[in-house]
Structure formats: C-alpha cells, structure tokens
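Here the structure comes first, spelled out in structure tokens, and everything after it is commentary.
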Amino acid sequence: MELIDTHCHIDIQAFEGRFDNLLKNARRVGVLKMILPGVDREGWGRIMTLCRREAGLYAAPGLHPMYLAHHHPQHLEELAALAGGGNVVAIGEIGLDYHVPGLDRIVQQQLFEQQLKIAAKAGLPILLHVRKAHDQVLATLRRTRFRFGGIVHAFNGSLQQAGQFIKLGFVIAICGTITYDRARRIRNIATLLPPETLVVETDAPDIPLAGHRDADNLPEHLPEVLAALSGLRGENVALTAQYTTANAKRVLGIPD
C-alpha cells in the first residue's frame with residue numbers, strides 16, 4: 001500500500017539526528033510521500049532543503065496563526081516568492097485559532113487573508129489550521145472566493161461544518177484522534193463522510209495515537225490511523241489506503 005502523510009513536521013530540529021531513520025521506518029511501512037507544512041519563516045529553509053533532497057517529500061510553507069509574534073510583514077513577501085517558485089504543493093499551515101488565549105483575532109484574520117491571496121495568485125491549495133473558528137474560516141473562504149481548495153488539518157468541527165468545507169473544494173484530514181474511544185464525534189464523522197472527501201495524517205510529532213501516548217508521534221504510525229479509519233468504516237484497509245492516497249494526490253497535485 002502507498003500512503004501519504006498529508007501533515008507532518010519532520011523538519012523540526014528535534015528530529016535532526018533521527019531524520020534518516022525516521023524516513024526509512026516510514027517508507028518501510030508504506031508511507032512513501034509526506035507533506036511538510038511550515039509554521040514560521042525560520043523553518044522554511046529546512047523544509048525546502050529536505051524536499052529538494054529527498055524524493056517523496058513536498059513543501060507547504062506558511063505562517064501559522066499560533067506564532068504571531070514570530071511573523072513580520074516581509075515574511076509575506078518571501079512566502080509569495082516561494083509560492084511562485086515551484087517545489088511547493090500548498091500554502092500551510094494557515095488559518096484561525098480561537099482556542100489559544102491571547103492570540104489577537106484581528107491580526108490572525110489579516111494574516112490568514114493575506115496568505116489566501118498568495119495561494120490564490122500562485123494557484124495553490126491550502127492546509128488549514130482551525131480551532132474553535134470553523135464558521136469564521138468558512139465565512140472568510142466564501143467572502144474571498146478562494147477556489148483552490150485544500151485540506152482541513154486535524155479536523156475537529158461538526159459534520160455540518162465538514163460538509164461546508166467539502167462544498168468549497170476541501171477534503172477532511174483524519175489523524176490519531178480517532179484511535180481514542182472517547183473521541184466520539186470525530187469517529188462518527190469519519191464513518192459518515194464520503195470516501196472521496198478523506199485523507200490521513202499524523203501531525204508528527206503531535207497528536208500521539210492511543211497506543212503511543214508517551215512517545216513522539218511519527219509518520220510510521222500512519223498505518224495505525226488508516227487501520228482505525230477502515231475499521232470504523234467497515235472497509236478493507238487496502239481500499240481505504242487507495243482512496244485516501246488518491247484524494248491527497250488530487251487535491252495537492254501530486255503525481256503518481
């Protein structure tokens with residue numbers, strides 16, 4: 001089976017000495033492609049270098065709403081240059097975060113809309129980070145008429161909100177949250193959405209799976225996310241792998 005981890009932060013410095021083994025272990029279990037989203041300008045260089053060096057890695061630089069203090073106006077100019085220069089499959093992760101206290105919502109909104117413009121000009125999809133702001137993000141996408149779609153990372157909204165994102169050309173990313181019995185809402189949503197609307201991710205090193213609570217999350221754990229998803233949906237795991245991989249390739253423009 002060929003799997004695509006649509007969201008993993010394996011570029012972070014904590015993985016630097018483990019990177020080669022991390023890749024080897026992921027590929028051994030079928031995770032042959034990985035999307036590396038950015039969170040701030042400082043990390044873009046690492047992401048771009050790794051994606052040029054290693055087959056199957058794809059860059060998605062962006063300015064994360066949780067790190068407003070790290071972002072400066074000139075970073076938007078640099079992001080626009082990266083977006084137009086090739087070797088980038090999406091802008092991400094971007095969006096709105098109303099969960100973290102003290103984050104200026106007006107500044108978040110401005111940053112989000114500026115990055116939507118960059119993505120639209122480059123004709124690129126986006127990787128969305130959304131917490132407790134699904135309706136606000138949906139309203140922004142409609143108002144700005146963003147038409148390039150993308151992935152809603154680590155989806156945590158309602159079934160109705162998922163449907164609205166899907167109508168706007170987005171797919172819903174399922175992560176390790178569904179391995180927890182108590183995560184009833186997302187487990188239910190994962191069973192109800194059509195197959196053409198789903199992709200899988202780890203968000204490594206975050207969102208550890210139920211069987212790995214005391215360790216870093218890793219791309220090599222993606223087959224366990226897939227197995228949980230296929231089990232909930234009552235499907236053969238090979239079928240779930242086939243359509244989630246096809247969906248990721250379609251949305252992000254990744255070749256076979």
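The values are calculated or read from the model by the stated rules, or taken from the named source; none is laboratory data. None of these values were measured; they are calculated from a predicted model. Here the Cβ positions follow ideal geometry from the backbone for every residue, glycine too, while neighbour counts run over all protein chains shown.
Does residue 4 satisfy being crowded, with 18+ Cβ neighbours inside 10 Å, in a strand (DSSP E or B), modelled with pLDDT of 95 or more and among the β-branched types (Val, Ile, Thr)? Considered against the rule, which asks whether it is crowded, with 18+ Cβ neighbours inside 10 Å, in a strand (DSSP E or B), modelled with pLDDT of 95 or more and among the β-branched types (Val, Ile, Thr), residue 4 comes out as yes. What are the residues in the range 205-228 that are part of a helix (DSSP H, G or I) and more than 17 Å from the chain's Cα centre (by Cα), if any? Across the range 205-228, the qualifying residues are 210, 211, 212, 224, 227, 228. Every listed requirement among (1) touching a Lys or Arg at 6+ places or on another chain (Cβ under 9 Å); (2) free of Cβ contacts under 8 Å to residues at least 40 places away in the same chain is met by residue 44 save one, (1). Only one of 62, 56 is within 19 Å of residue 130 (Cα to Cα) and at pLDDT 95 or above. Can you tell me which? 62 is the lone residue from the list that is within 19 Å of residue 130 (Cα to Cα) and at pLDDT 95 or above. A residue that is in a helix (DSSP H, G or I), touching a residue at least 24 places away in the same chain (Cβ under 8 Å) and either crowded, with 18+ Cβ neighbours inside 10 Å or touching a helix residue (DSSP H, G or I) at 6+ places or on another chain (Cβ under 8 Å) (or both) occurs somewhere in the range 81-99.
Each residue in the range 139-166 was checked for being part of a loop (DSSP other than H, G, I, E, B) and surrounded by fewer than 13 Cβ atoms within 10 Å (Cβ to Cβ), and 2 pass. When the range 95-109 is examined, which residues are found to be acidic (Asp, Glu) and over 10 Å from residue 133 (Cβ atoms)? Of everything in the range 95-109, just one residue is acidic (Asp, Glu) and over 10 Å from residue 133 (Cβ atoms), namely 104.
Inspect all residues belonging to the range 188-198 and state whether any of them is farther than 20 Å from residue 95 by Cα, part of a loop (DSSP other than H, G, I, E, B) and at pLDDT 95 or above. So far as the range 188-198 goes, yes, one or more of its residues are farther than 20 Å from residue 95 by Cα, part of a loop (DSSP other than H, G, I, E, B) and at pLDDT 95 or above. When restricted to residues that are part of a helix (DSSP H, G or I) and under 17 Å from residue 86 (Cα atoms), the range 118-138 contains 5. The set of residues in the range 100-117 being under 21 Å from residue 7 (Cβ atoms) and assigned to a loop (DSSP other than H, G, I, E, B) consists of 100, 103.
Of 202, 244, all but one fail to be modelled with pLDDT of 95 or more, outside any helix (DSSP H, G or I) and surrounded by 21 or more Cβ atoms within 10 Å (Cβ to Cβ); the exception is 202.
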